[in-house]
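Accompanying notes for the structure given below.
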């Protein structure tokens with residue numbers, strides 16, 4: 001599956017030198033910015049209002065987690081309805097203060113490609129310091 005990440009709505013990098021977006025890093029924050037998993041959750045059919053102030057996919061209400069099965073929510077063995085390994089690694093990359101913006105995009109592209117998905121980045125970055 002192909003996912004689009006809109007840089008103008010993307011919250012990443014915490015408060016590090018390569019951060020983008022404003023507010024806390026959540027699936028969607030009160031400022032209207034989303035982490036990469038928030039944007040992907042939206043593309044997978046989770047309503048925008050269900051994402052607000054939610055930290056990770058596993059904390060979404062049950063009907064919405066079903067949309068994310070086998071991508072962002074694990075369905076293996078006893079690890080049911082928790083963040084998938086893909087989600088866990090994507091959060092680490094998204095939130096890292098050490099990656100430049102270009103490195104972050106490359107890491108996410110490689111991660112999703114290794115899981116048979118594609119990510120395309122569009123739009124311009126919003127610097128959180130502005």
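None of the figures in this text is laboratory data; all of them are computed from the coordinates on show. Keep in mind it's a predicted model, so treat the numbers as computed, not measured. Here the Cβ positions follow ideal geometry from the backbone for every residue, glycine too, while neighbour counts run over all protein chains shown.
Here are the numbers for this structure:
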{"quantity": "Share antiparallel - DSSP beta bridges, region 2-122, percent rounded to 5", "calculated": "35 percent"}
{"quantity": "Which of 71, 122 has the fewest Cβ neighbours within 10 Å, and the rest in rising order", "calculated": "122, 71"}
{"quantity": "Distance between modelled label sites at residue 118 and residue 66, nm, 7 Å Cα→Cβ extension", "calculated": "3.0 nm"}
{"quantity": "Three-way shape label, region 32-99, alpha-carbon gyration tensor, a/c 1.5", "calculated": "oblate"}
{"quantity": "Helix 85-95 vs. the chain, principal-axis angle (Cα, 0 to 90°, nearest 10)", "calculated": "20 degrees"}
{"quantity": "Relative contact order (percent, whole number), the chain, Cα cutoff 8 Å, 6+ residue spacing", "calculated": "34 percent"}
{"quantity": "Difference of contour (0.36 nm per residue) and Cα-Cα distance, residue 92 to residue 30", "calculated": "20.2 nm"}
{"quantity": "Degrees between helix 101-113 axis and first principal axis of the chain (Cα, 0 to 90, nearest 10)", "calculated": "20 degrees"}
{"quantity": "Order of 56, 25, 92 under a 10 Å beta carbon neighbour criterion, fewest first", "calculated": "92, 56, 25"}
{"quantity": "Shape parameters for the chain, alpha-carbon atoms, Rg then Dmax in Å", "calculated": "13.6, 46"}
